[in-house]
Amino acid sequence: MSETTPTEPRQLAAEARDRVRFEEEALELSDQVYRVARRLVGSREEAEDLMQETYARAFRSWQSYTPGTNLRAWLLRILTNLNIDRGRRKQRAPDMQPLEEGDYFLYNKIEEASREPVSEQDAVVERLSQDDVVSALSAVPHDFRDVLVLVDIGDFTYQDAAQILDIPIGTVMSRLHRGRRILKGELADKAVE
Amino acid sequence: MRAPGAGCVSAYLDPCDKCEEVMQPYLDRALDEGERAEAEAHLADCGYCRKRYRFEESLRVFVRQVCAEEMPPELKQKLAALRTPL
């Protein structure tokens with residue numbers, strides 16, 4: 001007794017193949033996704049939780065991904081939405097905007113503080129440690145940091161970042177520019193300590 | 001160095017101020033051709049701005065390098081375990 005059409009098992013097999021391929025591709029990207037996740041949140045534990053929630057959701061809703069489009073951006077969109085849903089936005093006082101200096105501010109500070117001329121390349125490495133950068137980045141308010149991390153650490157285009165965060169591209173650019181300036185302002189304090 | 005106000009109407013009296021303002025879009029390759037040519041003409045003449053542009057490039061590379069943290073191998077295994085069983 002067979003009420004199923006002959007194509008059904010074939011369709012099921014094809015779907016299973018597509019799903020497995022999707023899962024493999026998503027897992028291959030996990031290192032890159034983690035690199036971004038780690039800097040969007042404050043701790044390794046939070047990043048790990050967020051990654052697991054993201055992949056669980058991605059594997060559940062794999063059929064809403066359009067093959068051939070940017071899978072890394074698709075995964076990051078899930079991840080940033082989950083991160084926002086966690087309510088971390090509430091932690092930010094909306095009126096608190098850090099002072100924003102110009103783009104030459106950090107270099108000017110370093111130059112002022114140096115007795116001898118420094119090369120532009122050495123100035124960064126000699127004056128700043130990994131901890132300085134990581135803690136300065138975590139001091140950048142979330143809205144700015146999200147864009148900064150996606151573009152400058154995740155290597156996403158403005159367009160991708162706009163889609164991931166569901167904001168206009170002009171907002172991506174202005175937040176990115178301001179975020180970088182805020183970061184440099186934070187770094188300036190550390191560079192001349 | 002270009003005379004202030006020469007060529008086009010600009011809000012910047014000092015060309016270095018304008019060069020500072022366009023540094024990020026320049027390094028992101030987001031300027032249009034005319035703006036890029038103008039920035040490059042200024043950079044060719046101005047060591048002050050050139051130094052600061054080079055510093056910015058080094059800083060971006062440095063930030064990217066030091067912020068890159070490897071994913072713990074156990075996490076990769078946990079993610080793989082979330083796949084739908086065959």
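Considering the range A:23-40, and only residues there that are touching a residue at least 12 places away in the same chain (Cβ under 8 Å) and either more than 10 Å from every other protein chain (Cβ to nearest Cβ) or not in a helix (DSSP H, G or I) (or both), the residue that is farthest from residue A:79 (Cα to Cα) turns out to be A:25. State whether one or more residues within the range A:169-185 are surrounded by 21 or more Cβ atoms within 10 Å (Cβ to Cβ), more than 16 Å from the chain's Cα centre (by Cα) and more than 9 Å from chain B (Cβ to nearest Cβ). Yes, because at least one residue in the range A:169-185 is surrounded by 21 or more Cβ atoms within 10 Å (Cβ to Cβ), more than 16 Å from the chain's Cα centre (by Cα) and more than 9 Å from chain B (Cβ to nearest Cβ).
Going residue by residue through the range A:129-152, is there one that turns out to be among the hydrophobic types (A, V, I, L, M, F, W, C), free of Cβ contacts under 8 Å to residues at least 60 places away in the same chain and in contact with a Lys or Arg (Cβ under 6 Å, 6 or more places away or on another chain)? There is at least one residue in the range A:129-152 that is among the hydrophobic types (A, V, I, L, M, F, W, C), free of Cβ contacts under 8 Å to residues at least 60 places away in the same chain and in contact with a Lys or Arg (Cβ under 6 Å, 6 or more places away or on another chain). Screening residue A:151 with (1) at pLDDT below 95; (2) within 20 Å of residue A:32 (Cα to Cα) gives one miss only, at (1).
The values are calculated or read from the model by the stated rules, or taken from the named source; none is laboratory data. Just so we're clear, the structure is a prediction, and the values are computed from it rather than from any experiment. All Cβ positions, even for glycine, are placed from backbone atoms using ideal geometry, and neighbour counts span all protein chains on display.
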